[in-house]
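The values are calculated or read from the model by the stated rules, or taken from the named source; none is laboratory data. Every value quoted in this text rests on a predicted model; they were computed, and no experiment measured them. As a convention, Cβ positions derive from the backbone with ideal geometry for all residues, glycine included, and neighbour counts pool all protein chains shown.
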């Protein structure tokens, strides 16, 4: 069921007031949602109000918004304040990711209300979207949009209470200090660290109009605080110098594409650790900080040494040092359990800095619909620590003994939900990059490693193409098929998971470290890829002993 509504298009000028009264006399007195836009410049602004005439008059006085040419107003006698806030939020998130317009909105009006008949209003929004598609104001279907990177990493997100408090605490940290600050936001996979990083940058770089602030009383304290912090950080300079540092090439490329589609942001704000030497920053935000590198088992020693020399460091210098020396303030999004290579800066180095820094914890699970219970289950399962069978009504965890069957079910999920992929541990050499031959054949199924290292998630829909930790860390999937390869087994005598070093083929992942350290890295890899699936995770074990161990707990 959905509610009746009426949409009307007007030229965005003062004549619109009389036209609204004339064409919607029984509707305009109710709360409304509106889209002000210009097809020529591809700019738009989305809002909601309980007084459409007064609100449009305010927008006409704004130097950016009065350049827009048309306004589409969505009327309904069934609308109330909660419903229009919800529809506005959905329009903002989906129109941004539809990527037909750049939105002039700050990320200030996003709400997540639970209210009477929300399901019916959600259906109403879906009808509105179809109408906007018919009128060619938007292009893509909602399912395609909501599987896109621009939707998933959008700063136009409603924050959980956990995320809101983390942003608030961090802004107070910046506001309350006249010296340099170093802060860690720590959370496990799926707690929304990347989204929070993008949200914070948009918040700090947005100029919020006073009339917009009045309409968003729930988040106005956060907005006002961010504007104070911005003023303090710039210290009377023209602009805030801020960047998002992303150590992994694939995720960095993805976020650059996201930033270039958002009004007020640019792809140049997303940089690699080596690029921090080009400038000095008021604030550097480091996503996936556990993947910052040291000078061990890397490619490109000469370039690494050159950057160390730039900062006056010897060979013991690392990317963490570069961040600290290139900025007044640093915010690290960090999870030591997602460090997966000896190349990564040691956790002891981070701990030494954390001991004299502020740490903010993220606890709420934002990705996996199995919640914190699923995350804890995977951690216990792979750590042999007091494991109990996993039970969840809302999350599909399934163990397969047939590779053809797992591939078939993933293909069916792909048709229905999209964004389903196969991911594996490093149990096979990468031979398909030089010859068109499978990297491994399991149960008669030919499997190939990822054919690209950048934006692999969006490069294929083939379930027989396997991603690895480097092409999937930081990304969301609807369903993931995880292959536990021949590098991992279960010792039935000791009742412990063990690794098989000779079957692990990440060439930079095992040189110069102990077997104990390698065990930790391989376990972290499998934990991290097990956290990718939003709706479900499918598991296949090449090792029979490991499969039998999993059978006891994956029911």
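Looking only at the stretch 282-290, decide whether some residue is exposed (fewer than 15 other Cβ atoms within 10 Å of the Cβ) and either touching a residue at least 24 places away in the same chain (Cβ under 8 Å) or closer than 21 Å to residue 474 by Cβ (or both). No; the residues of the stretch 282-290 include none that is exposed (fewer than 15 other Cβ atoms within 10 Å of the Cβ) and either touching a residue at least 24 places away in the same chain (Cβ under 8 Å) or closer than 21 Å to residue 474 by Cβ (or both). Reported count of residues in the stretch 345-369, each being within 30 Å of residue 393 (Cβ to Cβ) and in contact with a helix residue (DSSP H, G or I) (Cβ under 9 Å, 6 or more places away or on another chain), is 7. Reported count of residues in the stretch 237-288, each being closer than 12 Å to residue 323 by Cα and assigned to a helix (DSSP H, G or I), is 6.
Within the stretch 116-127, is even one residue touching a strand residue (DSSP E or B) at 6+ places or on another chain (Cβ under 7 Å), modelled with pLDDT of 95 or more and surrounded by 14 or more Cβ atoms within 10 Å (Cβ to Cβ)? Scanning the stretch 116-127, I find no residue that is touching a strand residue (DSSP E or B) at 6+ places or on another chain (Cβ under 7 Å), modelled with pLDDT of 95 or more and surrounded by 14 or more Cβ atoms within 10 Å (Cβ to Cβ), so the answer is no. When 93, 19 are screened for being in the same structural domain as residue 137 (by TED's automatic domain parsing), closer than 24 Å to residue 258 by Cβ and in a helix (DSSP H, G or I), only 93 passes.
Among the residues of the stretch 483-533, those that are closer than 21 Å to residue 466 by Cα, in a strand (DSSP E or B) and in contact (Cβ under 8 Å) with a residue 60 or more places away in the chain comprise 483, 484, 488, 533. Criterion applied to 500, 522 was being at pLDDT 95 or above and either in contact with a helix residue (DSSP H, G or I) (Cβ under 8 Å, 6 or more places away or on another chain) or crowded, with 23+ Cβ neighbours inside 10 Å (or both), and the one residue passing it is 522. Test each condition in (1) in a loop (DSSP other than H, G, I, E, B); (2) crowded, with 21+ Cβ neighbours inside 10 Å for residue 387 and report the one that comes out false. Of (1) in a loop (DSSP other than H, G, I, E, B); (2) crowded, with 21+ Cβ neighbours inside 10 Å, only one is false for residue 387: (2). With respect to the stated conditions, residue 163 is surrounded by 20 or more Cβ atoms within 10 Å (Cβ to Cβ), in a helix (DSSP H, G or I) and modelled with pLDDT under 95.
Could you tell me which of the residues 30, 10 is outside any strand (DSSP E or B), under 37 Å from the mean Cα position of the chain (by Cα) and either in contact (Cβ under 8 Å) with a residue 24 or more places away in the chain or surrounded by 15 or more Cβ atoms within 10 Å (Cβ to Cβ) (or both)?
The unique qualifying residue is 30.
A Cβ distance below 9 Å, combined with a sequence gap of six or more or placement on separate chains, defines the contacts here; from the stretch 223-242, residues that are under 15 Å from residue 173 (Cα atoms) reach residues that are exposed (fewer than 12 other Cβ atoms within 10 Å of the Cβ) in the pairs 227/207; 232/178. The set of residues in the stretch 175-186 that are at pLDDT below 95 and in contact with a helix residue (DSSP H, G or I) (Cβ under 6 Å, 6 or more places away or on another chain) contains only 175.
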